[in-house]
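Inspection log for the structure reproduced underneath, given as structure tokens.
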Amino acid sequence: MTTKGTILTCGKCCHEWEMSEYGELRALEGESYFTHIPSWYEWQRECVKKEVIDGTYSLDVPCKIKSLPNSMGFVNVGEGRLVHNADGFHLEGNWKGGGWTLNIPTSSIYSVHIEYNYKVENRDCIDLSTLNDTYYIYPKGSEFSVTKISLATEELFKHAWSNK
């Protein structure tokens, strides 16, 4: 989904809605499908949940990585790759000539912090934290949604623990 003012547009089907001051949705053409944002959000969750249960959810994208190891500011780590699937998060990159990886298993992460149009890069990002660092990950391309990643993280966690 993208927005401009009060207009929401689906990037897949190009359907457009206008949001009222009360959070109601009205289709600009055709059927509205969803008249309230919470209903639309829960529909998205159910679609992601189905992908998780079916085993078809997967993300594998190039990304830009910044690190915030302390209060002194961001460190540009450079280019990398983000994978998210039933195994969890896998982040890899190169730093000062050496390769590194970060693996966070599905069963250890019940949610992920996301940012929309985050000021550091002025685009959407995912934050993954360890005890010593926080990585701000900016996926590249248009085939990702930080909202979907957030929902998938929650659904993958639930699915992993329900199967134990």
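Considering each residue of the stretch 59-69 in turn, at least one proves to be in contact (Cβ under 8 Å) with a residue 40 or more places away in the chain, more than 30 Å from E18 (Cα to Cα) and basic (K, R). If you go through the stretch 9-25 one residue at a time, do you hit one that is open to solvent by less than 80 Å² (accessible area, probe 1.4 Å), under 22 Å from the mean Cα position of the chain (by Cα) and without any contact (Cβ under 8 Å) to a residue 12 or more places away in the chain? Within the stretch 9-25 (the criterion being open to solvent by less than 80 Å² (accessible area, probe 1.4 Å), under 22 Å from the mean Cα position of the chain (by Cα) and without any contact (Cβ under 8 Å) to a residue 12 or more places away in the chain), the answer is yes, since at least one residue qualifies.
Residues in the stretch 135-164 that are in a strand (DSSP E or B) and of a type outside the set (F, W, Y) were compared, and the one that is modelled with the lowest pLDDT is P139. Looking across the stretch 31-83, the residues that are among the hydroxyl-bearing types (S, T, Y) and part of a loop (DSSP other than H, G, I, E, B) come down to S32, Y33, T35, T56, Y57, S58, S71.
Within the option set Y33, Y110, being farther than 26 Å from A160 by Cα and free of Cβ contacts under 8 Å to residues at least 60 places away in the same chain holds for one residue only, Y33.
Does E42 fit the bill of being out of contact with any Lys or Arg (no Cβ under 8 Å at 6 or more places or on another chain), surrounded by 11 or more Cβ atoms within 10 Å (Cβ to Cβ) and over 15 Å from T2 (Cα atoms)? Taking the combined requirement at face value, the residue satisfies it.
No other residue among T35, T56 is more than 14 Å from Y135 (Cβ to Cβ), at pLDDT 90 or above, open to solvent by 60 Å² or more (accessible area, probe 1.4 Å) and not charged (D, E, K, R) apart from T56. Filtering the stretch 85-122 to residues that are at pLDDT 90 or above, among the charged types (D, E, K, R) and more than 20 Å from S71 (Cβ to Cβ) leaves D87, E92.
Residues that are in a loop (DSSP other than H, G, I, E, B) and not hydrophobic (A, V, I, L, M, F, W, C) within the stretch 1-30 comprise G5, T6, G11, K12, H15, S20, E21, Y22, G23, E29, G30, listed in sequence order. The single residue among L68, L82 that is more than 14 Å from L151 (Cα to Cα), modelled with pLDDT of 90 or more and in contact with a Cys (Cβ under 8 Å, 6 or more places away or on another chain) turns out to be L82.
The values are calculated or read from the model by the stated rules, or taken from the named source; none is laboratory data. In this text the structure is predicted, and so the values were computed from the model without any measurement. For neighbour counting, all protein chains shown are included, and Cβ atoms are generated from backbone atoms with ideal geometry for every residue, glycine included. For accessibility, only protein heavy atoms count, side chains too; no ligands or nucleic acids. Shrake-Rupley method; radii C 1.70, N 1.55, O 1.52, S 1.80 Å.
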